RNA sequence: GGCGCUGUAGCUCAGUUGGUUAGAGCAGAGGAAUCAUAAUCCUUGUGUCCGGGGUUCGAGUCCCUGCAGCGCCA
């Protein structure tokens with residue numbers, strides 16, 4: 001079995017906050033790291049989602065050409081991902097040549113299979129801007145209430161739904177120009193409603209998917225008039241030019257595919273980018289994505305926030321199914337709720353909450369990883385508070401895990417020197433510890449296998465606690481006075497526990513685990529038999545006392561951050 | 001307005017297909033220990049499981065309804 005893992009593609013228009021991280025990339029990374037640690041072959045992909053009007057607007061604000069803006073933001077996001085330890089095998093771009101070709105290919109296939117319809121729409125054209133102005137890019141006077149700053153999609157004053165062509169004295173929201181006219185323009189629609197039965201059956205065939213995932217999918221399939229066909233093209237410059245495979249699409253010159261159509265295809269194209277970067281050729285990536293070219297043994301898992309579920313359960317599968325080609329479809333779709341910030345929502349526009357660059361600026365990545373994963377919004381929305389965050393990470397990381405490593409390594413250094421001491425045989429306490437850990441480790445593995453993130457974190461923490469319990473009960477500092485050999489055996493177990501903790505914790509805390517393993521001069525080898533793992537470091541094996549693994553967050557720091565990230569609440 | 005989600009100990013949350021005295025972590029209280037980042041370990045929970053009906057031998061767990069918070073859509 002090989003494992004293909006993707007996390008939802010972050011949009012390109014700026015730095016994301018922690019809420020974006022917790023719902024997709026972080027748990028996906030946890031899963032990828034765990035499977036690799038178990039010796040599995042993994043391909044973990046992510047990319048920036050770069051097309052669409054918001055990217056153009058953001059680039060405009062930054063005063064840069066959109067391609068240049070996207071390239072820069074991609075580099076920024078890639079650097080942040082690296083900072084958080086996200087172990088993507090490739091971090092791609094939806095604007096890549098690979099995605100251009102593949103998106104055009106899919107559109108061509110869908111058309112051949114009669115799933116594309118050309119529709120004439122009436123849109124507002126701005127002479128001054130030289131472009132069509134969809135929805136809110138037109139402003140004017142509301143025909144209903146007379147409000148003068150109504151937007152093309154809705155009047156904020158009377159809440160009436162509007163069409164851009166309804167507005168009185170319309171003007172461009174971009175340039176303010178009133179030189180507007182209504183023009184007819186042709187667009188492609190994907191007839192996904194025709195695939196409703198197949199999608200429905202496919203969803204029904206999925207066993208054990210999170211309720212959140214299937215209920216959202218079912219709602220969109222069955223509610224109201226059922227699954228709606230959707231436009232897949234736009235009158236924009238920035239995007240993938242509309243083509244039928246490698247052929248031109250008559251009548252669609254100058255138009256691009258709509259972002260929701262090309263973004264998920266980037267999951268596939270990204271594998272192509274990855275293969276290209278590693279000289280693996282076409283077959284190198286197709287063995288992950290084509291069931292007729294080797295992907296029969298691939299298990300594909302997607303991670304995303306709940307807002308992304310409809311695209312991943314319906315639109316993207318519709319594209320794959322509609323192509324009539326044997327593309328790999330998702331086997332398990334892990335979806336997350338929202339993380340709230342101190343009683344409200346994270347808000348990009350209000351500057352409320354902690355953004356990724358700020359998070360890394362104030363604390364190490366592992367601290368964020370641990371709190372976000374162990375409190376991720378798995379079954380319902382969850383809440384970030386500074387008090388809870390401070391208490392949680394101080395207790396779990398500094399006190400329970402970090403301090404365990406300190407007490408063992410420092411006690412050993414002071415009594416036996418910086419090497420695993422030669423000691424007596426195991427007694428009942430050591431046997432009991434091994435038996436206890438055997439159960440806990442299997443429980444941890446079961447939770448990780450099931451991608452139950454919070455349960456995994458709880459199980460891992462229980463393992464750390466078991467180490468402290470053992471040490472407290474064995475009390476080598478007391479034994480040392482009567483029976484130094486006994487104390488030596490206990491310390492040897494303690495040092496091996498530290499190694500075991502590092503190995504098991506690595507998916508959650510990759511940086512700390514690496515530092516700890518480095519100090520212990522040990523290798524990351526996933527434990528089979530725990531009793532055996534507790535003897536991995538032999539007597540005489542040298543080590544160094546590591547610097548404190550985790551510094552505690554002080555009250556002063558917490559208060560400062562609380563004020564700094566409060567944003568401008570209304 | 002329609003649809004959906006949530007409402008369990010002071011806080012953050014678990015609670016499998018309805019079944020014995022409703023759980024965990026944190027915080028609080030008491031104690032042990034002193035190797036360690038004043039860090040650990042043990043003991044300690046009389047909770048109207050939001051309110052009200054109902055189904056059932058039995059409901060936090062199912063149905064109806066009310067309230068509160070949130071989200072999506074029109």
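Each reported figure results from applying straightforward, stated rules to the coordinates on display, with no laboratory input. This structure is a prediction, so every number in the text was calculated from the model and none was measured. With ideal geometry, Cβ positions are generated from the backbone for all residues, glycine too; neighbour counts draw on all protein chains shown.
Quick notes
- Estimated 222 nm signal from helices in chain A, with DSSP H stretches of n ≥ 4 weighted -39500 (n - 2.57), rounded to 500: -13500 deg cm²/dmol
- Estimated D of segment A:386-533 in µm² per second, where Rh is the Kirkwood radius over Cα pairs and Stokes-Einstein applies at 4 °C, 1.567 mPa s: 82
- Segment A:329-462: C-alpha pair distances exceeding 26 Å, %: 43
- Computed over segment A:71-143, Kirkwood Rh from alpha-carbon pairs, angstrom: 17.0
- Two-site label geometry, residue A:40 and residue A:165: point separation in nm, points 7 Å out along Cα→Cβ: 5.3
- Sequence ranges A:490-498, A:509-517, A:545-553, ranked by mean other-Cβ count within 10 angstrom, highest first: A:490-498, A:509-517, A:545-553
- Length gained on full extension, residue A:431 to residue A:237, computed as 0.36 nm times the residue gap minus the Cα-Cα distance: 63.0 nm.
- In segment A:1-157, inverting the average of 1/r over every pair of distinct C-alpha atoms gives 19.0 Å as the Kirkwood radius.
- Between residue A:535 and residue A:485, the distance separating the two model label sites (each 7 Å from Cα on the Cα→Cβ line) works out to 1.7 nm.
- For segment A:230-323, the percent of C-alpha pairs falling in each 10 Å distance bin, counted from 0 to the bin holding the largest distance, reads 14, 37, 36, 12, 0.
- C-alpha long axis of helix A:259-277 to longest principal axis of chain A, angle in °: 50
- Axis of helix A:484-505 versus longest Cα principal axis of chain A: the two differ by about 10°, to the nearest ten degrees.
- Segment A:244-387 - convex hull of alpha carbons, volume per residue in Å³: 197
- Here the spin labels are modelled as points 7 Å beyond Cα on the Cα-Cβ line, and at residue A:127 and residue A:147 they lie 3.0 nm apart.
- Percentage of interatomic Cα-Cα distances in segment A:475-570 larger than 18 Å: 60
- Length gained on full extension, residue A:400 to residue A:562, computed as 0.36 nm times the residue gap minus the Cα-Cα distance: 55.8 nm.
- To the nearest ten degrees, helix A:365-374 and the longest principal axis of the Cα atoms of chain A are 80 degrees apart.
- Gained length - residue A:184 relative to residue A:283, 0.36 nm times residue gap less alpha-carbon distance: 31.3 nm
- Near-label residues of segment A:324-357 by backbone N, under 20 Å of a point 7 Å along Cα→Cβ of residue A:449: A:331-334
- When the alpha carbon gyration tensor of segment A:52-112 is reduced to an equivalent ellipsoid, its three semi-axes come out at 25, 20, 8 angstrom, largest first.
- Two-site FRET efficiency, residue A:76 against residue A:442, from Cβ-Cβ distance with R₀ of 56 Å, rounded to 0.05: 0.85
- For segment A:323-402 versus segment A:230-253, the gap between their alpha-carbon centres in whole angstrom: 38
- Per-selection Rg to Rh, segment A:1-46 - Cα, Kirkwood hydrodynamic radius: 1.05
- Dividing the C-alpha radius of gyration of chain A by 2.2 N^0.38 Å, with N its residue count, gives 1.13.
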